[in-house]
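Please treat every number below as a calculation from the coordinates, not as lab data. It should be emphasised that the depicted structure is a prediction, and the values quoted were computed from it without experimental measurement. In this analysis, Cβ positions are derived from the backbone assuming ideal geometry, glycine residues included, and neighbour counts consider all displayed protein chains.
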Amino acid sequence: MTSTLAPVWTWLRLDLRGRIRALVLLGLLVAVGSGTVMAAAAGARRGDSAMDRLRAITLPAHAMAQPNQEGFDWDAVRRLPGVAAVGSFLLSDVTLEGLPGAFVSYPSTDKEFTTAMERPVVLAGRVADPARVDEAVVSEPFLTAHRVKLGDTVVALAEGVRQPLRIVGVIRMPILLNNPELSTTIAFAERYHAAMMKGSGGVANAIIRLTGGESALPEFRQAFAKLTGRDDVEILDLAMMARKSAQANTFEAAILGGMALAALVCALALTGQAVTRYVTGSAGNLAVLRVLGLTPRQAVLAAAAGPGLAALGGCAAGTAAALAVSPLFPIGGAGGVEPHPGVRADWVVFGAVAAIMVLVAVGAAGFAVRYGLAAEVAQRPAAVRHRRSALVRVVDRLGLPVPVGLGVRFALESGSRSSLSARPALASAVVGVLGVVAALTFRAGAVDAYDDLARFGQTFQLTAWAGWDGRDFAPAPLATWAQDPDVLAVNDARIGVGTVGATSVTLYTYARPFPVVVLAGRMPTAPDEIALAPDSARDSSSKVGNIITLKARATSRLTVTGIVFVPEGPHNGYAAGGWVTGAGYQRLFPDNFFKFHQILLALRAGADPAAVTQRLATQFEPPLKPIQHTQISNILILPLAFGAFLALLALGVNGHTLATGIHRRRHAIATMRALGLTPRQCRQAIFTQATTVATIGLLFGIPLGLALGRILWRVVTDITPLWYAPPFALPTTLLLIPTALTLTTLLAIHPIRRVTRYSVSTCLRAA
């Protein structure tokens, strides 16, 4: 074995002495490629798993029950079978001095909260001491929203409450995600319990963790209804809400993973070509050693040793680079979910990428030696069948100028050793254009959804709260508001909660002509009809035309007339709930009870909500923005990044293949120069080659990209869900045509200079 490898080690030592610069450059190429792929792939996996990892260590609650009932007995709920922990919280109105819009978030007097469930992950500082009344912890968004920092002191204010609170920690747990929250201690809640109960009307709701997990939620809903005798209590599925957030993270991770895959393909192609050129450069010396007794196996090992060593060093450097940038991941919404921000090594990804890169480098070297790219070593020419392109035949028949025909042939024909790079160049051009157009089309849909809340079903621009818990604050002058010239429709929405089986459904009253996003079917027009939001329809296994039994303060059998969006509410999302007529609501709530009473104003196109608010002299608010709206904003940059990334890869591959193709064709070009081809015609041929590749990329990539972008956006709208409108990015796409042709022209400048500087005699002698 030692004698077999001795020539290999000798060759490697000579290779390192004589060609160290080439090996270092090869290692740098591998380092850049592997580091990019490792960082992107590890970041994608990290983002995709962030929610699962956070929930795995925080003992998350599975449900939030909101009876909004004074003096509710939560101890009875704790005794229900299947209940692992209950954390009740007060509906306080404790504000923070000098911080507009900031509140103390739902103080709890239960020790189970943050211990038996919703254990916080500490990002900075520490957890507040439960026995201290003057300590608090905050979520990361709180620091950003209110420009405070760890260690600052804020003052809690309410009737009978003025308490300084020092921020001792920054935490993360599922129940406080995405919102700027400040949480106090049990000691705070106990000291100011009476004052906060007075401010909330004695109402305390709760989050619940179940021993059977999310699958036990239907049984809990039934047991809760039996315990309380109420079917109108809203019980939120917190696990489902977490899954929806995780879906957005998965989508962001998919884009990043696509970038990683594209980078891997490009890195492998460039590495393989670089190794092939390196091995070809040493073919003559290996041929001499073959004459002296070097076996074919030893020749392969010797040729692969240097590139393999360079690839190993490059992968080590790439791993270090990926580790260095790992604190930047995960990106987008997953960054607010990651339980352990900072440096994180994904050794599965790092090891897999390193193994692939090294194997490709070694394999390319072996291939070059054994199968004809180093013909002096392999001692047999590569047998390749030359195939004519149909387009080249057409160009020949048309009798176009020689430079045009030559350039088209260079761009399209494959099969000979000199034109091996034609297909990769064409494929990369098509993929690059396709990716850019698909990204622009997809982003056009995302921008449209971000700019128009109607895509989320929020077809109104102003809202006012008229009552709560069955009591109106004051009569609302609906007729006066409806007469305003900018008001299209006014909807007097009474809001209550009913159940369909084990599914809670938030109900809104509806009256024409208020606009509603209808995904299927129609709106209800009779007391025995209902239109359900997508999530409620799915959870209750209801479809258009089904008859369902809905229980609230009374029971009613209703026909499902449509699948629709509803207003985003304090306790429901726009995809969960339903619309009923006023008469239908009266049947379900014969005592006229409502959980909330809300007035919705839809304005005419172009109307100024601020001006309408001023004219009507009422405290109106804009509609609530769904969490999905924030998720859409998180992905706006990703399509651009992905498109730019694919464009750069395509330009890099095309530039590389153009340059190497010219180098490989130098003998053929020299022969044509000797036969009368002028330098100007050479330049025109290379320019035609580059333009042909770009044109084919545009012809195939634009229509395919438009179709792919719309398909991907349709998938996102179905998952989110959103009201789908075909994205329109044609103006931006048309700008891609001159841009692509211009960039291609610039790529051709260097090869054009090289081809005109070739010495005809030198090239012919070298052949």
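Values computed for the structure shown
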| quantity | calculated |
| --- | --- |
| Ranked by how many other beta carbons lie within 10 Å on average, peptides 553-561, 436-444 from highest | 436-444, 553-561 |
| Degrees, to the nearest 10: 730-757 long Cα axis against longest axis of the chain | 20 |
| The range 459-625: mean projected area of Cα convex hull, nm² | 9.0 |
| Ratio of Rg to Rh over the range 68-232 (Cα coordinates, Kirkwood Rh, two decimals) | 0.99 |
| Farthest toward positive dipole pole in the range 505-589 [+1 Lys/Arg, -1 Asp/Glu at C-beta], among Thr509, Gly569, Ala583 | Ala583 |
| Chymotrypsin sites (Phe, Trp or Tyr not before Pro) within the range 649-740: DSSP coil, no more than 15 neighbouring Cβ in 10 Å | Phe728 |
| Loop GluC sites (Glu not before Pro), the range 30-130, which have at most 14 other Cβ atoms in a 10 Å radius of their Cβ (DSSP) | Glu97 |
| Protection proxy ranking of 534-547, 203-216 - average other beta-carbon atoms within 10 Å, highest first | 203-216, 534-547 |
| Beta bridges by DSSP in the range 68-232, antiparallel share as percent, to the nearest 5 | 75 |
| Radius, Kirkwood style, for the range 578-725 when every pair of distinct Cα atoms is counted (Å) | 22.8 |
| Hz values of 3J(HN,Hα) by residue in the range 495-512 - Karplus curve (6.51, -1.76, 1.60), Gly and Pro given as x | 10, x, 10, x, 10, 10, x, 9, 9, 7, 10, 7, 9, 10, 7, 10, 9, 5 |
| Net lengthening on full extension, Arg79/Leu157 (0.36 nm per residue, minus Cα-Cα) | 24.6 nm |
| Cβ crowding within 10 Å averaged over residues, with 123-135, 623-635 ranked highest first | 623-635, 123-135 |
| Rg(Cα) / (2.2 N^0.38 Å) computed for the chain, rounded to two decimals | 1.24 |
| Phe329, Phe367 arranged by Cβ crowding within 10 Å, fewest neighbours leading | Phe367, Phe329 |
| Theoretical gain in end-to-end length, Leu398 to Arg191 [0.36 nm per residue, Cα-Cα removed] | 65.2 nm |
| Euclidean distance between Cα centres, the range 672-732 to the range 572-598, Å | 52 |
| Semi-axis lengths (Å, descending) of the ellipsoid that matches the C-alpha gyration tensor of the range 559-630 | 26, 18, 13 |
| Karplus 3J(HN,Hα) series, Hz, for the range 629-636 with 6.51 cos²θ - 1.76 cosθ + 1.60 (x for Gly, Pro) | 5, 5, 5, 5, 5, 5, 9, 4 |
| With Cα atoms, 0 to 90° folded angle of helix 637-664 axis to the chain main axis | 0 |
| Radius of gyration, Dmax [the range 574-613; alpha carbons; angstrom] | 14.8, 40 |
| Folded to 0 to 90 degrees: helix 422-451 orientation relative to the chain principal axis, Cα | 20 |
| Set Lys111/Lys226; Lys198/Lys595; Lys244/Lys543; Lys244/Lys625 screened for pairs whose C-alpha atoms are more than 25 Å apart | Lys111/Lys226 |
| Label-to-label distance, nm, for residues given as Arg344 and Trp465 (7 Å Cα→Cβ offset) | 3.7 |
| Rounded to whole Å, sorted largest first: equivalent-ellipsoid semi-axes of the range 12-126, Cα gyration tensor | 56, 19, 11 |
| Separation of alpha-carbon centers, the range 637-657 and the range 508-524, rounded to whole Å | 45 |
